[in-house]
1. Taking B:THR89 as meeting all but one of (1) open to solvent by less than 30 Å² (accessible area, probe 1.4 Å); (2) of a type in the set (Ser, Thr, Tyr); (3) over 21 Å from B:PHE127 (Cβ atoms), write down the number of the exception.
2. Return the residue satisfying two criteria in turn: it lies in segment B:103-121 and is surrounded by fewer than 16 Cβ atoms within 10 Å (Cβ to Cβ) and assigned to a helix (DSSP H, G or I), and of such residues it is farthest from the other protein chains (Cβ to nearest Cβ).
3. What residue, among those in segment A:24-56 that are of a type in the set (D, E, K, R) and closer than 20 Å to A:PRO120 by Cα, is most open to solvent (accessible area, probe 1.4 Å)?
4. Open to solvent by 70 Å² or more (accessible area, probe 1.4 Å) and farther than 30 Å from B:ASN75 by Cα - does that describe any residue in segment A:90-110?
5. Take the residues in segment A:60-81 that are closer than 18 Å to A:ALA93 by Cβ and in contact with a helix residue (DSSP H, G or I) (Cβ under 9 Å, 6 or more places away or on another chain), then tell me which one is modelled with the lowest pLDDT.
6. Does at least one position in segment B:66-78 carry a residue that is open to solvent by less than 40 Å² (accessible area, probe 1.4 Å), in contact (Cβ under 8 Å) with a residue 40 or more places away in the chain and either touching a Phe, Trp or Tyr at 6+ places or on another chain (Cβ under 7 Å) or more than 14 Å from chain A (Cβ to nearest Cβ) (or both)?
7. Counting only residues that are surrounded by fewer than 15 Cβ atoms within 10 Å (Cβ to Cβ) and in contact (Cβ under 8 Å) with a residue 24 or more places away in the chain, which one in segment A:64-82 is nearest to A:LYS109 (Cα to Cα)?
8. Could you check segment A:1-45 and list, in sequence order, the residues that are among the small types (Gly, Ala, Ser), modelled with pLDDT under 90 and over 25 Å from B:ARG101 (Cβ atoms)?
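The values are calculated or read from the model by the stated rules, or taken from the named source; none is laboratory data. Here the structure is a predicted model, which means the values were calculated and not measured. Because the Cβ atoms are built from the backbone with ideal geometry, glycine has one as well, and the counts that use them run over all protein chains shown. These area figures cover heavy atoms from the full protein model, side chains too; ligands, DNA and RNA do not enter into them. Shrake-Rupley method; radii C 1.70, N 1.55, O 1.52, S 1.80 Å.
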Amino acid sequence: ENGRCTTKLESMGFRVGQGLIERFTKDTARFKDELDIMKFICKDFWTTVFKKQIDNLRTNHQGIYVLQDNKFRLLTQMSAGKQYLEHAPKYLAFTCGLIRGGLSNLGIKSIVTAEVSSMPACK
Amino acid sequence: VPGSVVCCSSQNYPLYIRSVPTENELKFHYTVHTSLDVVDEKISAMGKALVDQRELYLGLLYPTEDYKGYGYVTNSKVKFVMVVDSSNTALRDNEIRSMFRKLHNSYTDIMCNPFYNPGDRIHSRAFDNMVNSMMMQVN
């Protein structure tokens, strides 16, 4: 039940991400490479959707990127720390889909997962 | 004065085709196809960093004696191709650019329509109306 819920949220996020990316990249220049696209997601995309940028972007330059948001908007209203940790994944599923949909429309196939160890920060 | 507008997905299948009929239908379609080939060439050239192309507008792709093809590729790899009659010399570059902008804007609206499934043929009255008004402008 919980799993189906998360999957549904993620796929809704996917479709929304596709549309959002189309609108956001309508007036931007052509992207140079994958890193360029990831920077766009971390800065412009995140700012337009969550009113702040990603705090930290790390990559192994082999296709894995870790985006860290220290004050994730959808988690800030829950208690800081570990109290409602088990409920956090629901709130992250849609956003994972958002990123996956956005990347997909830009030609990048991806798997997007989220990890929360201490709210409201998440990766 | 005949003209044609084609919108192609990133996988190169057509999402939207509109042509004002012409006596030489075959030659017309030929120009559309070769224009799409030129678009693909330009895109792969960009990928290998042979051409630095930050703009989405590709410009004149394929001038034949009868027709001229223009191209535009979005960041989401959707291709727009416009073919106009070569005798239409009144059409300026910035007019073509603005027509592609209109196409891109309308396509974005379609993408944001939750009832539209990406990759499907485009069946939209708003889109049709926009293309109609564009073709009347060309003629």
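1. With respect to (1) open to solvent by less than 30 Å² (accessible area, probe 1.4 Å); (2) of a type in the set (Ser, Thr, Tyr); (3) over 21 Å from B:PHE127 (Cβ atoms), B:THR89 is out only on (1).
2. Filtering segment B:103-121 for residues that are surrounded by fewer than 16 Cβ atoms within 10 Å (Cβ to Cβ) and assigned to a helix (DSSP H, G or I), the one farthest from the other protein chains (Cβ to nearest Cβ) comes out as B:ASN105.
3. Among those residues, the one meeting the criterion is A:LYS51.
4. yes
5. Here the residue is A:MET78.
6. Yes, there is a match, as at least one residue in segment B:66-78 is open to solvent by less than 40 Å² (accessible area, probe 1.4 Å), in contact (Cβ under 8 Å) with a residue 40 or more places away in the chain and either touching a Phe, Trp or Tyr at 6+ places or on another chain (Cβ under 7 Å) or more than 14 Å from chain A (Cβ to nearest Cβ) (or both).
7. That would be A:VAL66.
8. A:GLY3
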